[in-house]
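Notes to accompany the following structure.
Please treat every number below as a calculation from the coordinates, not as lab data. Just so we're clear, the structure is a prediction, and the values are computed from it rather than from any experiment. Positions of Cβ are generated from backbone atoms using ideal geometry, with glycine treated the same way; all protein chains shown enter the neighbour counts.
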Amino acid sequence: MPVKGFDLERIFSAKNQEGVYGPFRESLRKIRGQIIALGSGNILIVSPKAKEGKTFAMLSLAHSLAFNNKRVLMLDTNFKAPLPETFTDQPSANKTILNKALQDHGLAEVFQLKTQTAEKSETQRVDILGNTGLPKSPAELLEPEQFRAFLAEMHQHYDFVLMEAAALNQYSDAQELVPFADKVLAVFNANSVLKNADQTSLEFLRSLDGKFAGAVLTELDERNAA
């Protein structure tokens, strides 16, 4: 799917008949339906390797859910490769709520406070909280009860909280974040080759049993999808 000029508003527009986005849009709708069937909750997005497309999958899923009138918080828990501030520090009608919750639960030094003064409309359904890029693992940064209380408060305002973890092969982050997730969604890239180094990560995903929600395959050429 071409990402130049990528605009989810246009892709999901009722007037948009562009064939190039059709398979992508319909695949997202299928994934969205499966996610909604799971019920609201915290979804952790993982991959064995870096640059498999986790962020793209999370962003696309978040906005797909928003087009189904779901409220979504994207929470950047990939502390090894934080999203840039230009991506995360967007105006939000929920700025005051988010900042207060971060302060109340002792997370203001872990996640970025919303600083923009402009407010988006009340119809905004996707918010993004970045992290400050501390070189520590989630277990070293997040006090379990405080973080659980923060997530519980977020569900008073959002239907889904999507979290992203650092690569399974390289870091312990995903394993440390699983206790805070209701479901785990794996992302694989069609151009990646699974090697022996990936086996431990695959075994970990298999061990999740009912918490494993399935997998998303990115960069798949639809000509090879049959």
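To the nearest 20 debye, what charge dipole does the stretch 39-224 have about its Cα centre, counting +1 at the Cβ of each Lys and Arg and -1 at the Cβ of each Asp and Glu?
On the way: 18 positive and 24 negative charges, 57 e Å.
Magnitude of the dipole: close to 280 debye.
What ranking do 211-217, 125-131 get when scored by the average of other Cβ atoms within 10 Å per residue, highest first? Please report the intermediate quantities before stating the final value.
Details: 211-217: 16.9, 125-131: 22.7.
Most protected by this proxy first, the peptides run 125-131, 211-217.
Expected output is a single nm value to one decimal: the length gained when fully extending between residue 124 and residue 109, i.e. 0.36 nm times separation in residues minus the C-alpha distance. What is it? Present the calculation step by step, with values, prior to reporting the outcome.
Details: separation 15, 0.36 × 15 = 5.40 nm, distance 2.56 nm.
Extra length available between residue 124 and residue 109 comes to 2.8 nm.
Quickly rank 90-101, 26-37 as a protection proxy: mean count of other C-beta atoms within 10 Å, highest first. Intermediate results must be reported in sequence, preceding the final value.
Details: 90-101: 17.1, 26-37: 15.0.
Ranked by mean Cβ neighbours within 10 Å, highest first: 90-101, 26-37.
Sorted by mean Cβ packing within 10 Å, highest first, what order do the peptides 182-194, 155-167 take?
Working: 182-194: 17.3, 155-167: 21.0.
Ranking, from highest mean packing down: 155-167, 182-194.
Quick query: amide H of residue 212 versus all other amide H atoms, modeled in the peptide plane; which residues come in under 5 Å with a sequence gap of 5 or more or a different chain?
Those lying under 5 Å, H to H, from residue 212 are 184.
Can you classify the stretch 39-224 as rounded, prolate or oblate using the Cα gyration tensor, where a ≥ b ≥ c are the square roots of its eigenvalues, rounded means a/c under 1.5, and otherwise it's prolate if a/b beats b/c and oblate if not?
Values: a/c = 1.77, a/b = 1.41, b/c = 1.25.
Prolate shape, in that a/c is at least 1.5 and a/b is the bigger ratio.
So which lysines can residue 114 reach, going by Cα to Cα under 18 Å and dropping same-chain residues fewer than 8 places off?
95, 100
Would you please give the FRET efficiency between residue 68 and residue 209, computed as 1/(1 + (r/R0)^6) with r the Cβ-Cβ distance and R0 = 22 Å, to the nearest 0.05? Display every interim value, and only then the final one.
Working: r = 28 Å, r/R0 = 1.25.
Given R0 = 22 Å and the Cβ-Cβ separation, E is 0.20.
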